[in-house]
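Working notes for the structure below.
Here, each number is a calculation from the coordinates, and none is a lab measurement. Small disclaimer: the values here were computed from a predicted structure and weren't measured. All Cβ positions, even for glycine, are placed from backbone atoms using ideal geometry, and neighbour counts span all protein chains on display.
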Amino acid sequence: MKSLKILSLFLLFAFTSTSCSKDDTKAPVINITEPIDGAKVTAGTNLPVKGTITDDTELSEIIVAGNKITTFTSKTSHTLSLDLIIPGNAPKGDTNIEITATDKNNNKATKTIKLTIQ
């Protein structure tokens, strides 16, 4: 009987440790629909940033041009829709917007959108 209890405990431990462990090595996926890469923007206006960010397990944070987002549409997905202000005194020329998404296992993805400020 003692052997049966030990075997039961061993099987319970083996089942729990294999069913709960998940090696997440995939970074989130960033899909930006607006602005398009290479867009021309005017200083002193708002720039809409739209798209989706998904992860196969769970999102942790999204940073868009320095703006941190930690509340998401769902655990594994976020619909991005925000306006960035392009200051009226922004230097004219080429610049970038960087979007970084991190999941709960610290896998990161970064998307860079090139812009020209006019």
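Counting Lys +1, Arg +1, Asp -1, Glu -1, what net charge surrounds ASP37 among other residues with beta carbon under 15 Å of its beta carbon?
Values: positive: LYS40, LYS50, LYS111, LYS114; negative: GLU34, ASP94, GLU98.
Summing Lys/Arg as +1 and Asp/Glu as -1 gives +1.
Taking the Kirkwood radius as the inverse of the mean 1/r across Cα pairs, report the Rg/Rh of the range 26-117.
On the way: Rg = 13.6 Å, Rh = 13.5 Å.
Dividing the radius of gyration by the Kirkwood radius yields 1.01.
So which aspartates and glutamates can LYS108 reach, going by Cα to Cα under 18 Å and dropping same-chain residues fewer than 8 places off?
The reachable aspartates and glutamates, counting only those whose Cα sits under 18 Å from LYS108, are ASP23, ASP24, ASP55, ASP56, GLU58, GLU61, GLU98.
Looking at this model, which pairs from LYS26/LYS111; LYS50/LYS75; LYS50/LYS104; LYS26/LYS114; LYS26/LYS75; LYS68/LYS104 are more than 21 angstrom apart at the alpha-carbon?
LYS50/LYS104; LYS26/LYS114
For every other residue with a beta carbon closer than 13 angstrom to the beta carbon of ILE113, add +1 if it is Lys or Arg and -1 if Asp or Glu, then tell me the sum.
Values: positive: LYS40, LYS50, LYS111, LYS114; negative: GLU34, ASP37, ASP94, GLU98.
That works out to 0.
Size of the dipole of the range 34-118 about the Cα centre, Lys and Arg at +1 and Asp and Glu at -1 on the beta carbon, nothing else charged, in debye to 20? Mind showing how you got there, number by number?
Working: 9 positive and 10 negative charges, 41 e Å.
Computed about the Cα centre, the dipole is about 200 debye.
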